[in-house]
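Just below is one structure, and these are the notes that go with it.
The values are calculated or read from the model by the stated rules, or taken from the named source; none is laboratory data. These figures come from a predicted structure and were not determined experimentally. Cβ atoms come from the backbone with ideal geometry, glycine included; neighbour counts cover every protein chain shown.
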Amino acid sequence: MTVSRALRDGASIAAETRDKIMKAVEQLGYVLDQSAGSLSSKRTGFVAVLVPSINNSNFADTARGLTDALQGSGLQLLLGYTDYLIEKEEELIESMLRRRPEAIVVTGGKHTPRGRKLLEKAGIPVIETWDLPPKAVRHVVGFSNAEAAEALVRYLHEKGYRKIGFIGGTSNRDTRGADRRLGYERAMAALGLMDTRIISFGTPPISMKQGGEALAQLIEQWPDVEAAICVSDLSAFGALTECQRRKIPVPNRIAIAGFGDFEISSCSHPSITTVGVNCYDIGRRSGELLLRAIEGERARRPIAAETIMTQYSVIARDSA
């Protein structure tokens, strides 16, 4: 009991006794097992966060924003990697909930029926990010990928482009990519440009190499294409490189645009027109919302569901 008190913050114990115990802890390399205390207090000290990819700088920035917002709160992130598969997301949701997180953050608003039910019945704060789902589980921090893609089409239209193509994946595995394609189709129809040029190539997320191969297919199928919107900046960079390989001038012969404002889009030559979505801010604002939601749960005064709209903008650069 004395050791237990010594290892508990704020417990009453003689300083000399605490010092002796802490020296023994240091020598043994002992780490306190908090699982029993967590069961009784329901404070496990961690938040589950599910992201589609661990090597995508956008999602890394979102995780960094979350971490910074939670700094000093005593809460830590436990990351899960879905590989853009909602079926894998379902498995991870169940696995994470078994560990009793104090909250869970997921990427996107589309889930399997069972995954959604697990989130709804979790009894902890749930935040869906990077999306604006029509029917949220609880809290939302994000933006409409479809509307952002529409804004990009309108920008290209204002620049005089009419024969605009879209390069995306072969499936709806990347639900945000599917929404961007939907936004492209909606904007083209609204502008009276009914001759859509869509290339579905590669399993999401599309790589630079696949972006180049898709651009070659786009030009082969529609030689008169004037601009290509790529589902991400990585595929846009691949498309740009393929143009350089073929000695096709960008943007004089064909304009290239991406999505996400990856660092590579500003460093490439020519630099790539894209949509900036402030990934770090999505994480930071999610973290701030989490802190309020968790505090409400601990005080048994749950906060009302919130939807926080994050900003996006078309970033005009040399490629378009």
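Can you tell me which residue within the range 62-72, out of those that are buried (at least 19 other Cβ atoms within 10 Å of the Cβ) and not aliphatic (A, V, I, L, M), is farthest from D261 (Cα to Cα)?
Here the residue is G65.
Answer yes if at least one residue in the range 149-156 is farther than 19 Å from Y81 by Cβ, in contact with a helix residue (DSSP H, G or I) (Cβ under 7 Å, 6 or more places away or on another chain) and of a type in the set (G, A, S), and no otherwise. Before the answer, list the steps.
Here is the first cut: in the range 149-156, the residues farther than 19 Å from Y81 by Cβ are 149-156.
Add one more test, that the residue is in contact with a helix residue (DSSP H, G or I) (Cβ under 7 Å, 6 or more places away or on another chain), and what stays is 149-150, 153-154.
Remaining after also requiring of a type in the set (G, A, S): 149.
There is at least one residue in the range 149-156 that is farther than 19 Å from Y81 by Cβ, in contact with a helix residue (DSSP H, G or I) (Cβ under 7 Å, 6 or more places away or on another chain) and of a type in the set (G, A, S).
Being more than 23 Å from R285 (Cα to Cα), modelled with pLDDT of 95 or more, out of contact with any strand residue (DSSP E or B) (no Cβ under 7 Å at 6 or more places or on another chain) and surrounded by fewer than 21 Cβ atoms within 10 Å (Cβ to Cβ): is that true of R114 here?
Values: more than 23 Å from R285 (Cα to Cα): yes; modelled with pLDDT of 95 or more: yes; out of contact with any strand residue (DSSP E or B) (no Cβ under 7 Å at 6 or more places or on another chain): yes; surrounded by fewer than 21 Cβ atoms within 10 Å (Cβ to Cβ): yes.
Judged against the criteria, R114 is a match.
Restrict the check to the range 71-85 and report whether at least one residue is at negative phi, modelled with pLDDT under 85 and not acidic (D, E).
Quick first cut of the range 71-85, residues at negative phi only: 71, 73, 75-82, 85.
Adding the requirement that they be modelled with pLDDT under 85 leaves none.
No: zero hits.
What is the number of the single condition among (1) loosely packed, with under 13 Cβ neighbours inside 10 Å; (2) closer than 26 Å to N58 by Cα that R301 does not meet?
(2)
State which residue pairs qualify: first residue on the phi > 0 side of the Ramachandran plot and inside the range 109-123, second residue of a type outside the set (S, T, Y) in any location, beta carbons under 9 Å apart, and separation of 6 or more residues or different chains.
What qualifies is G123/E297.
Among the residues of the range 227-265, what is the count of those that are touching a helix residue (DSSP H, G or I) at 6+ places or on another chain (Cβ under 9 Å) and among the polar types (S, T, N, Q)?
Our first condition is that a residue be touching a helix residue (DSSP H, G or I) at 6+ places or on another chain (Cβ under 9 Å); within the range 227-265, this holds for 227-243, 245-246, 248-250, 253-265.
Now drop any that are not among the polar types (S, T, N, Q), which leaves 232, 235, 241, 265.
The qualifying residues number 4.
Looking only at the range 141-164, how many residues end up being buried (at least 24 other Cβ atoms within 10 Å of the Cβ) and not in a helix (DSSP H, G or I)?
3
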